[in-house]
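Q: Got a structure here, written out as structure tokens. Questions coming.
The values are calculated or read from the model by the stated rules, or taken from the named source; none is laboratory data. Being a predicted model, the structure only gives us computed values, none of them experimental. Cβ coordinates were reconstructed from backbone atoms using ideal geometry, including for glycine residues, and neighbour counts include every protein chain displayed. Please note that ligands, DNA and RNA were not included when accessible areas were found on the heavy atoms of the full protein model with its side chains. Shrake-Rupley method; radii C 1.70, N 1.55, O 1.52, S 1.80 Å.
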Amino acid sequence: LKASPNTTYQYTVNNSTTPPTFCLTATNGSTSYFTTNDATPTAGGCPGHLVGGKITNLALNPQAAVDMNNWSINYGAGGTGTFQQIDVTGSGLPGNILMGVRGKWSTASTAIGYIANGSSSLGSPIVPGLTYTASLYMRYSTSGVPIFCDAVLYDASGGVMLDTPDTNVTEIQSQGVTIWMQCTFSFTAPLGAVRASIRAGRDAAITSGRTLDVTGVMLTNGSTVYTYADGDSPNWVWNGTPNASTSTGPAL
């Protein structure tokens, strides 16, 4: 492959298939072409690659801006509570995050409780063999305790392919108020995985009255952590129904 000036290349391979497959994206300025194995180069890019200098946030309804579709809560064993949208404007998050979700425990749980963006039937689209990086913002109403983020990857029938290891952060307070913490991690999608659910929670008993807030889910191809963006961000577009599809635009 002879490189031309100012052209960048992105390459992914899947050696778990027979025969192995690859996908190559070439970008010059705002123009991208891709090819897979013996295919003729086509305008656009491989799944998960930056196209025309842009990135794609694969999370669906990533900040619950209009409704809570694609969001869910698991209160944990014995736990009950309420789940609702919240306005997070001016709460210390990036300025393009205005909404989020909140779970409040009215009955204590004896084990893990979490909030999820995505599910076994409606999750972020992923491609086997590719590496992804996820990030989200969360806060828990008690300081000094660990809270986590992770991903559950599903196959086309909804079966669990991988539950990624927890990434833990410790909630802190500023002037007596718990603050938003960003949690990030990367994973490689195994053979058969087609969608991902991104979760945040507490891997321990949760006391009655505690709240967990989550927003700003970002899932992108590669190992880079990007500033949060979705289809409502400057120069970004939704790739389908607003707040119910992936979104694409330049890194902010």
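Q: Among Ala151, Ala189, Ala39, which one shows the biggest mean-square fluctuation in a GNM of the chain, springs joining Cα atoms closer than 10 Å?
A: Ala39
Q: On the accessible surface of the chain, probed at 1.4 Å, how many percent belong to carbon and sulfur atoms?
A: 54
Q: Most mobile of Gly201, Gly52, Gly159 per a Gaussian network model of the chain (Cα springs, under 10 Å)?
A: It is Gly159.
Q: Do you know the relative contact order of the chain, to the nearest whole percent, from alpha carbon pairs under 8 angstrom that are 6+ apart?
A: Relative contact order here is 23 percent.
Q: Once you have a ≥ b ≥ c as the square roots of the Cα gyration tensor eigenvalues for the range 153-252, tell me rounded if a/c is under 1.5, and otherwise prolate or oblate according to whether a/b is larger than b/c.
A: oblate
Q: Springs between alpha-carbon pairs under 10 angstrom, Gaussian network model over the chain: which of Val169, Val194, Val66 fluctuates most?
A: In this elastic network of the chain, the residue with the biggest mean-square fluctuation among Val169, Val194, Val66 is Val66.
Q: Subtracting the Cα-Cα distance from 0.36 nm times the residue separation, let me have the gained length for Thr21 to Gln175 in nm, one decimal.
A: In short, 50.0 nm is gained.
Q: On to the next question. For the chain, what is the accessible area per residue in Å² when the probe is 1.4 Å?
A: That works out to 45 Å² for each residue.
Q: Counting only residues 5 or more places away or on other chains, whose amide H sits under 5 Å from the amide H of Val145 once H atoms are built in the peptide plane?
A: Those qualifying (amide H under 5 Å, at least 5 residues apart or on another chain) are Glu171.
Q: Post the alpha-carbon centroid distance, the range 193-212 to the range 43-81, in whole angstrom.
A: Their Cα centres are 15 Å away from one another.
Q: Between Gln182 and Asn239, what is the label-to-label distance in nm when each label sits 7 Å out along the Cα-to-Cβ direction?
A: 2.2
Q: Please express the Cα-Cα pair-distance distribution P(r) of the chain as a list of whole percents, one per 10 Å bin, running from 0 to the bin with the greatest distance.
A: 7, 30, 34, 19, 8, 2, 0
Q: Compute the distance from the alpha-carbon center of the range 83-127 to that of the range 138-181, in whole Å.
A: Taking the Cα centre of each part, the range 83-127 and the range 138-181 sit 10 Å apart.
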